[in-house]
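Working notes for the structure below.
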Amino acid sequence: MAKYKTEQIRNVALLGHGGAGKTTLTEALLHRTGVITRMGRVEDGSTVSDWDAEEHRRGISINLSVIPIEFDNTKLNLIDTPGYQDFVGEVISGLYAAEAGLVVVDAVSGCQVGTELAYDRLRDLEKPRIVFVNRMDRENANFSNAVQSLRTTLNDEKIVPFQIPIGSADAFKGIVGLIEMKAYMGPEGKEAPIPDEFLAEAEAARVALIEAAAEADDELIMKYLDGEELTLDEVRHGLHVGVKNCAITPVYCGTATGGIGLDRLMQALRRYVPAPNERSVSASKNGAELQLSSEVDGPVAGAVFKTIIDRYVGRMSYVRMFSGKISKDMQITNARTGKSARLANLFTVRGKELQNLDELVAGDIGVITKMDDLQTGDTLCTADQILSVTPPHYPQPLYSVAVSPVTQADSSKMGPALASVTEEDPTLRYQNITATKQTVLQGMGETHVDVAVHRMSQKFGTNVETAPPKVPYQETITKSASAQYRHKKQSGGAGQFAEVHMRVEPLPGGGYEFASEVFGGAISSSFFPSIEKGIKAVMDNGVIAGYPVVDVKAIVYDGKEHPVDSKDIAFQTAGREVFKLAFKAANPVLLEPIYIVEVTVPDEYMGDVMSDFNTRRGRVLGMEQKNNRTVVRASVPLAEIMRYSTDLRSMTQGRGVYTIEFDHYEPVPSHVAAEVIAQHKEEASEE
Ligand SMILES: Nc1nc2c(ncn2[C@@H]2O[C@H](COP(=O)(O)OP(=O)(O)OP(=O)(O)O)[C@@H](O)[C@H]2O)c(=O)[nH]1
Ligand SMILES: [Mg+2]
């Protein structure tokens, strides 16, 4: 690999619906640029990009993968991302390291769910995008239908063909470049005159292209509206500006497996993807916000956007340099920990291959190994200039399973294995939920969590069983109540005696309080901690359904003790039992976690989503329009959305996405509470 300056680098993320051909396209470009002599196939697990065992097993991409290629004095860092929605974290990380997105579309299906989601993400980030209509060699491939479906579904008229295909399916022979009005035939892209039968179509398409170029620049539009013809350079300039300002989305076409259209595509990436120093990112220094652009002589700032824990290499941290440069043996500092270390291991990466590297300049992507305190989201800088590049925002997990070790041996390894799989993926989390005494693994969907469980087994040697997680209910009371309890054990051996009179009162939002109104020494204060111990044991394990008790004030107001038989254990027991009695008399209720759910769907599904919320005890809080989509906000009990990711996908044919955020606890309706309590009783009787 030659050495490249910042302005010669282009970082582009490949996005799009699963199966559109992103990975195959990277393989074809590697082949076209001579990096590999034979193209691998996704089906055989022989591509450079899909190198992970799970990817081979499932035949889809799961991780992002960095694939640098060299073309025309330029280094194109292709970042292949997964199309399957569950792996959205990889898309977010990949886009974070790139200046633009290449949206790969299938020529038969046109705009699909994954295309829409990818495009929306690029729009939200205001990053330039280029479309590649792939698989033109397939039966029923139809370029103009595909373009039309993009314009309609994405509600964007500025999706403009820069090429048209010559033929389709078996007859797909080449492409026409509309800017220079030339044909490029076969995998070699041999220049040729435009075949007659395609001339009219090409000229018509070129009119739209010229118009888009003119509209992208004030001077050009004036000239254009005056009826003057734009020169080729003016057209190029207008398109350049338009694409970089996200005002125009160029459409190219070809076939990755057939190798047609690849050179023109690489030319387009080189021309229209901004160089790293043409865009800036937000960062912070001493708490002050600043914009950082990828200048090699700027302060050192390299952001870790991906972490892989490899069995042999150890920790691999993928770094995108956003400013300055790093070189082997220099001292670098982790802005989060403040710790400095010598940079011993620096590499370029291509798929799973690492190659030694001396220097990583601003704008480029590389890998650092064996720096164990580095995490995704960290920034590498120098001790004299501590600054952090703002990391991307990752969504809250949507789907959870309870995990438990299969064997004794697994139980000691489960913690580290969970830590490793979650370190590799910012959208994967795990938690020990005290309320339900479960360890819960959380991700973006069923497949996402299933992959993590497989990884724990295959990669980290830990087998776990999964089960539906319990809802972390809480128990509390709604009125005051009193009770008395006498604990007396005076038959043979050391006796036990304690009597406690207690009142419990609701303590909204207050957690827990203990108080004494005992007078006349009815109970020595030395026994109060014992009583509290008893209360706390109940609060951890619950009274009515085995869930933690919250928001209660316990007041001991009277009692009795025995000079000999009263002791710690006696008052613990009395404290425990009297608290339970008082609690049960205080109209106890279950509280359930309520989440705010924000669902984004194409308008036609809005009604279904809203009526569906009604069947989930949900309350719609509001709606807003966003492009040609509706965002519905609702508050819904967690218990009703445990499988929402699967339900929403089937309700909206996969076109709906959502986020969830915990909001508050509120009482469970009595008919629902009765079921939860009955289930707890059943489980308790089985133990
Ligand atoms: N006929 C034809 N098939 C293609 C072409 N490009 C890719 N394919 C096939 O399409 C299938 C999916 O290709 P992938 O490269 O895995 O698609 P992807 O977009 O990476 O999919 P995800 O990783 O799941 O997002 C594979 O069977 C490829 O062989 C093409 O140009 N023509
Ligand atoms: Mg792929």
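Hey, could you grab the Kirkwood Rh for the stretch 1-78? Inverse mean 1/r over distinct alpha carbon pairs, Å, one decimal.
13.2 Å
Can you give the extra length, in nm with one decimal, that the chain gains between S412 and I221 once fully stretched, where that is 0.36 nm per residue apart less the Cα-Cα distance? Don't skip to the end; give the middle numbers.
Details: separation 191, 0.36 × 191 = 68.76 nm, distance 6.88 nm.
Using 0.36 nm per residue and subtracting the Cα-Cα distance, I get 61.9 nm.
Under unit Cβ charges (Lys, Arg +1; Asp, Glu -1), what dipole magnitude, rounded to 20 debye, does the stretch 1-144 have relative to its Cα centre? Could you put the intermediate results ahead of the total?
Numbers: 16 positive and 21 negative charges, 80 e Å.
I would put it at about 380 debye.
Kindly list the residues of the stretch 657-681 that lie in the label zone of K584, defined by a backbone N under 19 Å from the point 7 Å along the Cα-to-C-beta vector.
From the stretch 657-681, the list is 673-681.
How much FRET efficiency would the formula 1/(1 + (r/R0)^6) give for T646 and N432, where r is the Cβ-Cβ distance and R0 is 22 Å, rounded to 0.05?
0.30
Cα atoms only: what Rg and Dmax, in Å, come out for the stretch 96-234?
Expressed in Å, the Cα Rg and Dmax of the stretch 96-234 come to 16.1, 44.
Which cross-chain or sequence-distant (5 or more) residues have an amide H under 5 Å from the amide H of Q438, H modelled 1.01 Å from N in plane?
Long-range HN contacts for Q438: I433.
Work out the charge dipole of the chain with +1 on the Cβ of Lys and Arg and -1 on the Cβ of Asp and Glu about the Cα centre, then indicate which of T382, A303, T476 is farthest towards its positive end.
Farthest along the dipole direction, towards plus: T476.
Would you calculate the volume per residue, in Å³, of the smallest convex hull containing every Cα atom of the stretch 475-586?
88 Å³
Here are some pairs, K533/K560; K328/K370; K173/K244; K325/K459; K3/K190; which of them have Cα atoms lying more than 23 Å apart in this structure?
Violating the 23 Å limit, Cα to Cα: K173/K244; K325/K459; K3/K190.
Report the charge-dipole magnitude of the chain in Debye, nearest 20, computed about the Cα centre from +1 at each Lys and Arg Cβ and -1 at each Asp and Glu Cβ.
For the chain, the charge dipole is close to 1960 debye.
For the stretch 546-620 and the stretch 247-270, what is the centre-to-centre distance using only Cα atoms, to the nearest Å?
The stretch 546-620 and the stretch 247-270 have Cα centres spaced 59 Å from each other.
Can you find, among T333, F322, Q490, the residue farthest towards the positive end of the dipole of the chain? Put +1 on the C-beta of Lys and Arg, -1 on that of Asp and Glu.
Of the options given, the answer is Q490.
Using DSSP loop states and a limit of at most 14 other Cβ atoms within 10 Å to flag chymotrypsin sites (Phe, Trp or Tyr not before Pro), what is the longest stretch of the chain containing no flagged site?
Details: sites that count: Y312, F519.
By the stated rule (loop sites, at most 14 other Cβ atoms within 10 Å), 1-311.
Provide the three semi-axes, in whole Å and in decreasing order, of the ellipsoid equivalent to the stretch 591-672 as defined by the square roots of 5 times the Cα gyration tensor eigenvalues.
The equivalent ellipsoid of the stretch 591-672 has semi-axes of 22, 13, 11 Å.
So how far apart, in nm, are the two label points at A247 and D608 if each is 7 Å from Cα heading toward Cβ?
If labels sit at A247 and D608, their model points lie 3.8 nm apart.
So if R0 is 56 Å, what FRET efficiency would S280 and Q679 give, r being the distance between their Cβ atoms, rounded to the nearest 0.05?
Efficiency, from the Cβ-Cβ distance: 0.55.
Going toward the positive end of the dipole of the chain, with +1 on Lys and Arg Cβ and -1 on Asp and Glu Cβ, which of A192, M39, N286 do you reach last?
Value computed over the given set: N286.
Per residue, what volume in Å³ does the Cα convex hull of the chain take up?
Value for the chain: 203 Å³ per residue.
P(r) for the stretch 528-687: what percent of alpha-carbon pairs falls in each 5 Å bin, starting at zero?
It works out to 2, 8, 14, 14, 12, 10, 9, 8, 7, 5, 4, 3, 2, 1, 0, 0, in whole percents.
Using 0.36 nm per residue, how much length does the chain from E353 to V620 gain when fully extended, once their Cα-Cα distance is taken away?
On the way: separation 267, 0.36 × 267 = 96.12 nm, distance 4.99 nm.
Roughly 91.1 nm would be gained on extension.
Normalized C-alpha radius of gyration of the stretch 399-470, against 2.2 N^0.38 Å?
0.97
With runs of 4+ DSSP H residues as the only contributors, calculate the mean residue ellipticity of the chain at 222 nm using -39,500 (n - 2.57) per run, divided by the residue total and rounded to the nearest 500.
After summing the helix terms and dividing by the residues of the chain, the value is -9000 deg cm²/dmol.
Under unit Cβ charges (Lys, Arg +1; Asp, Glu -1), what dipole magnitude, rounded to 20 debye, does the stretch 281-389 have relative to its Cα centre?
380 debye
Can you give the three extents of the C-alpha atoms in the stretch 281-389 along their principal axes, from longest to shortest, in whole Å?
For the stretch 281-389, the Cα spread along each principal axis is 40, 24, 22 Å.
Hey, can you find the accessible area per residue of the chain for me, probe 1.4 Å, expressed in square angstrom?
It amounts to 42 Å² per residue over the chain.
For the stretch 513-567, which GluC sites (Glu not before Pro) pass both filters: DSSP loop (anything but H, G, I, E, B) and at most 14 other C-beta atoms within 10 Å?
Sites meeting the loop and neighbour criteria: E517.
Give me the distance in nm between label points sitting 7 Å out from Cα along the Cα-to-Cβ direction at A204 and T231, one decimal.
3.2 nm
Given 0.36 nm per residue, what is the gain on full extension from R336 to E7 after removing their alpha carbon distance, in nm?
So the chain would gain 115.5 nm between R336 and E7.
I need the calculated FRET efficiency for the pair D120 and E465, taking r as the beta carbon distance and R₀ as 41 Å, to the nearest 0.05.
With R0 = 41 Å, the Cβ-Cβ based efficiency is 0.65.
The values are calculated or read from the model by the stated rules, or taken from the named source; none is laboratory data. These figures come from a predicted structure and were not determined experimentally. All Cβ positions, even for glycine, are placed from backbone atoms using ideal geometry, and neighbour counts span all protein chains on display. Heads up: the accessible areas ignore ligands, DNA and RNA and are worked out on the full protein's heavy atoms, side chains in. Shrake-Rupley method; radii C 1.70, N 1.55, O 1.52, S 1.80 Å.
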